[in-house]
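Every number in this text was worked out from the coordinates using simple rules, so none of it is lab data. A quick note: this is a predicted structure, and the numbers were derived from the prediction, not measured. Positions of Cβ are backbone-derived with ideal geometry, glycine not excepted, and every protein chain shown enters the neighbour counts.
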Amino acid sequence: MAANTSAKPLSALSKGKAKATDADFDDLHLVITYRHLHAHNLGVRDPLRVVALCDSDAFYAACEQIRLGIDPSRPLVVQQWDSLIAVNYPARKFGITRMEKIKEARRKCPELVVVHVATYKEGEAEPGYWQNPDTLTHKVSLDHYRRESMKILRMFQEGLPGGEIEKASIDEAFIDFTRPVREEILRRFPYLAEVPPDAPRGIDSPLPNPPPISWHGLGTVIEVNPSPSDTPAVGLEGLGLDEDDASTTWHDVALSIAAELMGKVRSDVYRTLGYSTSAGIARNKFLAKLTASYKKPNSQSILRNAAIPNYLKPMPFQKIRFLGGKLGKAFAEEYDASTVGDLLAISLEEMQRKFGENSIWVYEILRGIDRSEVKEKSAVNKSMMASKNLPKPITKTVHGHHWIRVLAAELALRLREAREEISAFWPKTLVLHVRQGYETGRSKQAAFPFTRNPDVDYIASAGDKLWRELVGTDTSRKASMNITNVALGFAGVEFMEIGQRSIEGFFKNPPTMSDTPRSPDSGTKRKRDPRDDPQPETSLTRSGPHTQQHDVPPDEVTSFLCGRCGKRIALPSELTDANVGAEIRTEALVALRMEHDDFHVAQDLAKHYSVDGSPRKIRPLEKPQTKKTRRRETPEGIAKFFNKK
Ligand code: TTP
Ligand code: CA
Ligand code: CA
């Protein structure tokens with residue numbers, strides 16, 4: 001496919017309101033000009049934009065394998081209670097999956113190494129790998145994984161100066177390579193720095209033809225015209241494919257440079273820390289994420305623009321995030337379609353007539369268009385929260401102390417680590433949140449006075465005080481207490497200006513705080529992969545003054561608080577960009593809630609068949625709640641596919 005000359009004006013592309021044309025994937029063939037190359041602020045409209053998603057392979061399993069110094073070729077799984085949460089690749093060869101029970105996994109592979117995830121236990125300041133941890137008394141600790149994850153992220157940050165990096169979950173990050181790659185293009189091809197005097201359209205002239213690219217050693221280049229039987233196993237890795245025909249574009253050059261940089265930092269991570277990773281490199285976040293799973297483990301794949309159509313067309317569209325639920329089903333039924341290709345025949349007008357204005361989002365994603373930005377998340381806005389879903393609810397106030405201590409141990413550890421990282425880090429407020437049954441929960445907060453030694457005892461005693469205030473001390477009362485979740489956390493993190501005033505001095509005049517008790521989640525939003533942490537453990541990210549220009553307005557709802565697990569579930573960052581309409585977000589949020597509810601059902605089922613042989617009652621699905629979203633009227637358009645049972 002030669003780069004054609006039917007360039008679409010950038011403005012049309014940026015608004016996302018471009019009229020549908022017959023030529024799908026039109027914007028893939030944008031002619032790249034000197035203006036594009038020399039501009040520094042095209043953002044998501046940049047035709048030289050390159051984004052990667054790098055995900056660690058079998059992450060928790062790798063963390064344990066490395067921690068224990070186990071031979072990486074040995075099959076290993078990570079267990080949480082009686083389920084598996086991570087399975088390394090050698091274990092996958094035995095057909096073991098995350099869905100399995102431990103017993104079944106051991107049956108498939110008798111030499112399986114099984115490591116139970118670390119847990120907090122009352123009376124211990126540190127999480128540990130105890131014998132027979134029990135969900136009735138212990139709490140999962142993901143601290144080790146979080147720490148290892150930070151080490152990897154730091155290597156990315158150090159190894160990729162100039163690249164914007166967004167931590168997307170505990171084991172993955174998006175990297176925007178656009179800026180460093182542009183610099184490298186100008187360094188390698190200095191003749192591009194000046195517009196030639198004879199260029200026909202001045203700065204708007206197309207760049208000269210790019211040089212041929214040797215993809216050798218850069219990863220698996222997804223084929224432009226794959227034969228139907230093509231699988232990743234017969235990719236083009238190592239073939240030194242020289243796409244020196246007319247189809248090579250400057251965007252391919254950009255991808256190849258990003259692949260070089262990504263490959264280098266991946267191998268540094270592997271050599272230094274031992275973690276193998278898989279990356280996808282493409283023109284935007286959506287495609288980078290898809291491409292990252294093209295070939296795993298320990299691999300990177302590159303999706304050239306020219307390869308996008310044939311890569312997407314055979315893909316079952318219901319695999320795309322947010323098209324997996326009722327909306328996807330409705331599309332499938334309405335158009336008798338199953339693949340992306342099937343839906344490409346549907347015009348934007350037709351889609352919008354049937355599914356509402358907002359279906360432009362679907363229309364675009366099917367064509368590989370995603371304008372969400374890679375946004376570095378500032379550590380400055382962090383607060384932290386430890387939470388435990390109680391399989392055995394608390395029915396007596398005196399039983400709160402056990403969990404307060406367990407949660408306090410986690411907070412003490414995390415606070416200590418945060419302070420090792422940033423010594424000026426100090427939380428202003430301690431928050432306690434409890435939930436009974438399906439209620440949203442109640443919370444109480446208090447100033448958290450500074451101490452040099454914020455240990456378990458210190459935090460637990462402040463937590464106990466909040467508990468007494470929130471839950472009461474009345475042991476005689478025949479209160480029908482049924483607390484199913486307890487969360488203790490820090491909010492309102494301060495960064496003390498050490499040097500300007502002493503630490504103690506700082507706290508003599510504590511900043512005034514709102515007296516209104518509020519949920520630890522109100523006014524917060526965070527990004528997380530809800531699957532990354534099946535144990536309801538929450539860490540909040542507050543949107544403060546650092547909120548980026550393109551973020552949605554702070555008062556807009558971009559997340560919800562799950563009434564079951566107390567977790568705040570947030571929209572993926574692709575959807576929190578202001579360019580994405582508020583309506584889409586509302587709908588996506590409802591979809592997300594359904595997805596999350598499904599996750600609980602799966603967990604309930606797993607519990608139901610627990611090895612202790614006592615089938616437990618499966619709770620009914622919570623009705624998807626729309627009241628937290630801003631939309632009050634009956635949802636129209638694609639929304640109705642998300643919130644009707
Ligand atoms: P994933 O990246 O989804 O999976 P993975 O890293 O184990 O394997 P892959 O090589 O296929 O990427 O999740 C990262 C970690 O998050 C995983 O190691 C364990 C945790 N996790 C859970 O605890 N529960 C879950 O349901 C999922 C999906 C992940
Ligand atoms: Ca992973
Ligand atoms: Ca992941």
One finds, for residue 227 and residue 335 with R0 = 30 angstrom and r their Cβ-Cβ distance, a FRET efficiency to the nearest 0.05 of 0.65
Taking the simple approach of a point 7 Å from Cα along Cα-to-Cβ for both residue 66 and residue 144, what is their distance in nm? 1.2 nm
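Which of the GluC sites (Glu not before Pro) found in the stretch 118-224 are in a DSSP loop and have at most 16 neighbouring Cβ atoms, other than their own, within 10 Å? Show your work: numbers first, answer last.
Numbers: sites: 122, 124, 148, 158, 164, 166, 172, 183, 184, 194, 223; in loops: 122, 124, 194, 223.
Listed in order of number, the matching sites are 124, 194.
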Relative contact order computed over the stretch 314-377 (Cα-Cα under 8 Å; 6+ residues apart), in percent: 25 percent
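Rounded to the nearest 0.05, what FRET efficiency do residue 205 and residue 179 give with R0 = 22 Å and r taken as the Cβ-Cβ distance? Could you check? Let's see the in-between values first.
Working: r = 23 Å, r/R0 = 1.05.
That pair, residue 205 with residue 179, gives E of 0.45.
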At the level of C-alpha centres, the distance separating the stretch 416-441 and the stretch 86-137, in angstrom, is 28 Å
Distance (nanometres) between label positions extended 7 Å along Cα→Cβ at residue 461 and residue 189: 6.8 nm
In the stretch 284-362, the GluC sites (Glu not before Pro) that sit in a DSSP loop and have at most 13 other Cβ atoms within 10 Å of their own Cβ are none
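What pairs from 444/567; 121/388; 396/444 go past 24 Å between their alpha carbons? Could the numbers behind the result be given before it?
On the way: 444/567 17 Å; 121/388 12 Å; 396/444 19 Å.
Pairs exceeding 24 Å: none.
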Peptides ranked, highest mean first, by Cβ atoms within 10 Å: ranges 426-434, 134-142, 363-371: 426-434, 363-371, 134-142
If you take the charge dipole of the stretch 383-496 about its Cα centre, with +1 on Lys and Arg Cβ and -1 on Asp and Glu Cβ, which of 424, 488, 437 is farthest toward its positive end? 437
Say the dipole of the stretch 314-377 comes from +1 at the beta carbon of Lys and Arg and -1 at that of Asp and Glu; which of 366, 344, 325 then lies farthest toward its positive end? 325
Efficiency of FRET from Cβ geometry, residue 440 and residue 136, R₀ 22 Å, rounded to 0.05: 0.35
